[in-house]
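The values are calculated or read from the model by the stated rules, or taken from the named source; none is laboratory data. Note that the structure is predicted; figures quoted are calculated from it, not measured. Positions of Cβ are backbone-derived with ideal geometry, glycine not excepted, and every protein chain shown enters the neighbour counts. We work out accessible area using only protein heavy atoms, side chains counted, and drop any ligands, DNA or RNA first. Shrake-Rupley method; radii C 1.70, N 1.55, O 1.52, S 1.80 Å.
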Amino acid sequence: VLPEAKDYKRIGEGDTGPNTGGMGAVSPVSFASRRFMDKVLSRIIKPTIAGLQEDGIPYVGFIFFGLINVNNDPYVIEYNVRMGDPETQAVLPRLKGDFVELLIATAEGRLGEVQTSFEPYSAVTVVLVSEGYPGSYDKGRKISAASQIKGVLPFHAGTALRGEQLVTSGGRVIAITSLGKNLDEAMTKTYHGVNHFQWEGMNYRKDIGMDLRNFTSDI
């Protein structure tokens with residue numbers, strides 16, 4: 001089981017405006033206590049695997065559980081047979097070891113032989129989007145970036161090269177991820193990294209992770 005993450009779907013701060021493909025993500029999630037995750041495992045993950053086995057479905061790959069927290073009980077909103085975006089950009093940087101080794105072991109049916117461990121750090125991802133997204137938007141706007149970018153991971157999504165010039169080519173353009181010893185440090189580093197990029201009409205949410213800062217889990 002990979003680490004949990006929370007994503008932020010709506011375009012505006014405070015979860016306002018229309019839904020998007022995702023404006024950011026945080027991992028780990030403060031309300032996903034040990035008790036809550038035990039419920040996820042016993043009520044959702046294990047029954048799902050048992051159902052695949054009972055139906056004789058030899059599934060090999062990711063199962064992504066889209067969940068909602070209702071009064072400290074997890075409920076399934078959706079299943080995906082791929083990792084979620086932008087949750088992936090917050091989860092994978094916390095993985096210790098070789099991700100490719102896990103993929104090969106999965107394909108060869110020996111995933112149970114491979115040990116996995118995860119960094120205890122917090123990860124925060126902020127998605128930089130085109131002006132107008134999730135509605136119509138222009139493409140081909142020139143992206144300027146700092147010559148040296150340290151301490152953050154920029155994940156390209158809707159970008160393209162026009163000659164040697166990096167330009168926008170989609171609605172969700174670049175996701176910026178940072179790791180920190182706690183949520184506040186990761187947020188600070190990520191938003192500092194956001195300042196390394198600029199293009200006409202660039203938009204992003206300025207409150208990713210803010211709702212989790214003062215949340216106390218029930219362990």
Can you say whether Val40 is of a type outside the set (Lys, Arg) and touching a helix residue (DSSP H, G or I) at 6+ places or on another chain (Cβ under 7 Å), as far as the supplied structure shows? no
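Within the stretch 106-147, work out how many residues are more than 30 Å from Tyr204 (Cβ to Cβ) and not polar (S, T, N, Q).
So the answer is 8.
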Looking at the stretch 49-75 only, could you name the residues that are out of contact with any strand residue (DSSP E or B) (no Cβ under 6 Å at 6 or more places or on another chain), touching a residue at least 24 places away in the same chain (Cβ under 8 Å) and open to solvent by less than 80 Å² (accessible area, probe 1.4 Å)? Gly61, Phe65, Asn69, Asn72, Asp73
Condition set charged (D, E, K, R) and either more than 26 Å from Ser136 (Cα to Cα) or at pLDDT below 95 (or both), scope the stretch 166-219, selection most open to solvent (accessible area, probe 1.4 Å): answer is Lys181
Could you please let me know if Val26 is β-branched (Val, Ile, Thr), in contact (Cβ under 8 Å) with a residue 12 or more places away in the chain and open to solvent by 40 Å² or more (accessible area, probe 1.4 Å)? no
Helices (runs of 4 or more DSSP H) contained in the stretch 10-92 and holding at least 3 residues within 21 Å of the chain's Cα centre (by Cα) and closer than 29 Å to Val129 by Cβ: 87-91
